[in-house]
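K.L.:
Next up is a structure, given as structure tokens.
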Amino acid sequence: MRAEATATKGKATKAEIAIVLMALALVGAALSARESHRRAREKQAILEANLSALRQALEAYRRDHGFYPCSELDANRKGDPAIFRRQLTWYTDPAGNVSASRDSVFRLGPYLPAFPPNPYWGSRGGLSSVEVRIDTSPELNPPLRQGTSAAWYYNPRRGEIRPFPRGISSRTLGLLAQSGN
């Protein structure tokens, strides 16, 4: 009898193993939720910083040129998104034409070292986190339509740029609107 008690004394029962596994699962779930919340806060902070940098770059461009990129007076008045990104990251002439190198004509800018991504957009599925939808329509405040393939929305008439809300919570969008970002 003593030999049997000694043999089972060192072994855990199925109930004890189940309790330990449930406790580990609860700890894992709590840590996962905390990590998910931390990542969401990080994304929001990156979005706010990138949006602020874009808005500052647009205002600097307007101060230098007298108009926003892609506006009626700009060389890129048709609103080519690739040229728009270059207008903020390369050198420009007073008309808004772009050049990768600085000289006596292309002396303005660059306004950003690189075009900032929207952290809520990945590059999977051919969608880029730096893609811009430029609205050159006469409508002053067109709705953001679902199904767009742009991470940023830009209105050159007002120099307004904002993130396309794919994956962004309404709370984050509200905070961005309140802060002027």
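K.L.:
Step by step: first the residues of region 1-59, then only those that are closer than 30 Å to Ser71 by Cα and acidic (Asp, Glu), then the one that is modelled with the highest pLDDT. Which residue is that?
P.N.:
We begin by selecting, within region 1-59, every residue closer than 30 Å to Ser71 by Cα; these are 44-59.
Checking which are acidic (Asp, Glu) leaves us with 48, 59.
On the way: Glu48: 92, Glu59: 98.
It comes out as Glu59.
Okay, residues lined up against (1) touching a strand residue (DSSP E or B) at 6+ places or on another chain (Cβ under 9 Å); (2) farther than 20 Å from Glu59 by Cα; (3) part of a loop (DSSP other than H, G, I, E, B); (4) at pLDDT 95 or above:
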| residue | (1), (2), (3), (4) |
| --- | --- |
| Arg102 | yes, yes, yes, yes |
| Phe106 | yes, no, yes, yes |
| Pro113 | no, no, yes, yes |
| Asn118 | yes, no, yes, no |
| Trp121 | yes, yes, yes, no |
| Ser128 | no, yes, yes, no |
| Arg133 | yes, no, no, no |
| Ser137 | no, yes, yes, no |
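K.L.:
Being of a type in the set (S, T, N, Q) and under 29 Å from Leu108 (Cα atoms) is the filter here; which residues of region 12-57 pass it?
P.N.:
Asn50, Ser52, Gln56
K.L.:
Return the residue satisfying two criteria in turn: it lies in region 46-94 and is in a loop (DSSP other than H, G, I, E, B) and surrounded by fewer than 16 Cβ atoms within 10 Å (Cβ to Cβ), and of such residues it is nearest to the chain's Cα centre (by Cα).
P.N.:
Asp80
K.L.:
Now for a separate question. For Ser32, all conditions in the list (1) assigned to a loop (DSSP other than H, G, I, E, B); (2) among the hydroxyl-bearing types (Ser, Thr, Tyr); (3) surrounded by fewer than 17 Cβ atoms within 10 Å (Cβ to Cβ) hold save one; what is the number of the exception?
P.N.:
(1)
The values are calculated or read from the model by the stated rules, or taken from the named source; none is laboratory data. This one's a predicted model, so the numbers in the text were calculated from it and none came from an experiment. As a convention, Cβ positions derive from the backbone with ideal geometry for all residues, glycine included, and neighbour counts pool all protein chains shown.
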